[in-house]
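Right, one structure below, let's go through it.
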Amino acid sequence: MALLEIKNLVKAFGGLKAVNDVTFHVDEGEIFGLIGPNGSGKTTTFNCINNYFPITSGDVVFKGKSIKGLKTHKVCHLGIGRTFQVVKPLARMTVLENVTASAFCRVNGIGEAQEAALKVLEFTNLIGEKDKLAKSLPIGGRKRLEIARALATKPELILLDETAAGLNPGELDEAIDLIKKMRDSGITILIIEHIMKVIMTISDRIHAINFGQTIASGTPEEVANNQAVIEAYLGVE
């Protein structure tokens, strides 16, 4: 069953169509990869899904209902969480305080919010860092904190925007394990990623775009062998 449907999505900035008639769906329980070269419209697509950018035309349907035009916080309350490519934690607050702040999306009291945050920190293997200031974490820790903050909103669908960028090989393996763990816990995942080891290892299906338009869709193997995808990344011989 499709949890999320993107229907003929268009996002224009003046005369430039950053996303141009893109259509795909994400099934409940799967890991769905969205790939393309830099500037192809991937993050803009995410920004349209949670209405960070209002869409120009088309529709975004979540659990059978259009969410086009909803305020970003309303989209979050419906069950769509997201991370950002450039992580910006609350730098002068602790790791626990950062995740507690996100937990208030679902609870009202500070005690309940902290309890929920601690569970998320256990889940993401950040419990040992809970009393550290967010700004003191290395890039791998900040990327994991970004995921923890999104998980604290208790999403049914999470949008992951390049969560593996800047990680060393060991951290990459940990990131892959965490993403699989999230899926196994019942969360559906839509992920943008440039690192092929990650996207090809974890994705059930992949959708590729370039210059804002769809160029391929299918299994990781089908997309990796698609000539239009190869040319988008490597150029024409």
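Pairs linking a residue in region 153-175 that is over 16 Å from ILE202 (Cα atoms) to a residue that is of a type in the set (Val, Ile, Thr) and assigned to a loop (DSSP other than H, G, I, E, B), with Cβ atoms under 7 Å and 6 or more positions apart or on different chains, are PRO155/ILE187; GLU156/ILE187. ARG92 falls short on exactly one of the conditions (1) charged (D, E, K, R); (2) at positive phi; (3) in a loop (DSSP other than H, G, I, E, B), and that condition is (2). Restricting attention to region 184-216, the residues that are charged (D, E, K, R), over 21 Å from ASN38 (Cβ atoms), surrounded by fewer than 17 Cβ atoms within 10 Å (Cβ to Cβ) and in contact (Cβ under 8 Å) with a residue 24 or more places away in the chain total 1. For region 133-142, the criterion of being among the basic types (Lys, Arg), over 20 Å from HIS73 (Cβ atoms) and surrounded by 17 or more Cβ atoms within 10 Å (Cβ to Cβ) is met by at least one residue.
Across region 17-71, the qualifying residues are those that are among the hydroxyl-bearing types (Ser, Thr, Tyr) and within 18 Å of PHE84 (Cα to Cα), and the one among them that is surrounded by the fewest Cβ atoms within 10 Å (Cβ to Cβ) is TYR52.
Restricting attention to region 127-138, the residues that are in a loop (DSSP other than H, G, I, E, B) and among the small types (Gly, Ala, Ser) total 0.
Quick one: would you say THR44 is in a helix (DSSP H, G or I) and among the hydroxyl-bearing types (Ser, Thr, Tyr)? Spelling it out, THR44 is indeed in a helix (DSSP H, G or I) and among the hydroxyl-bearing types (Ser, Thr, Tyr). GLU162 satisfies every condition listed in (1) modelled with pLDDT under 95; (2) under 18 Å from the mean Cα position of the chain (by Cα); (3) surrounded by fewer than 17 Cβ atoms within 10 Å (Cβ to Cβ) except (3).
Per-residue answers, yes or no, for (1) touching a Pro at 6+ places or on another chain (Cβ under 8 Å); (2) in a helix (DSSP H, G or I); (3) among the aliphatic types (A, V, I, L, M):
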| residue | (1), (2), (3) |
| --- | --- |
| GLY140 | no, yes, no |
| ILE158 | no, no, yes |
| ALA165 | no, no, yes |
| GLY186 | no, no, no |
| ILE191 | no, no, yes |
| ILE199 | yes, yes, yes |
| ILE206 | yes, no, yes |
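Within region 217-232, track down each residue that is aliphatic (A, V, I, L, M), surrounded by 14 or more Cβ atoms within 10 Å (Cβ to Cβ) and either in contact (Cβ under 8 Å) with a residue 12 or more places away in the chain or more than 22 Å from ALA18 (Cα to Cα) (or both). Across region 217-232, the qualifying residues are VAL223, ALA224, VAL229, ALA232.
Checked against the criterion of being modelled with pLDDT of 95 or more, of a type in the set (A, V, I, L, M) and in a helix (DSSP H, G or I), the candidates ALA150, ALA216 yield just one match: ALA150.
The values are calculated or read from the model by the stated rules, or taken from the named source; none is laboratory data. Owing to the predicted nature of the structure, the values given are computational and were not obtained by experimental measurement. No Cβ is skipped: glycine too gets one built from the backbone with ideal geometry, and neighbour counts run over all protein chains shown.
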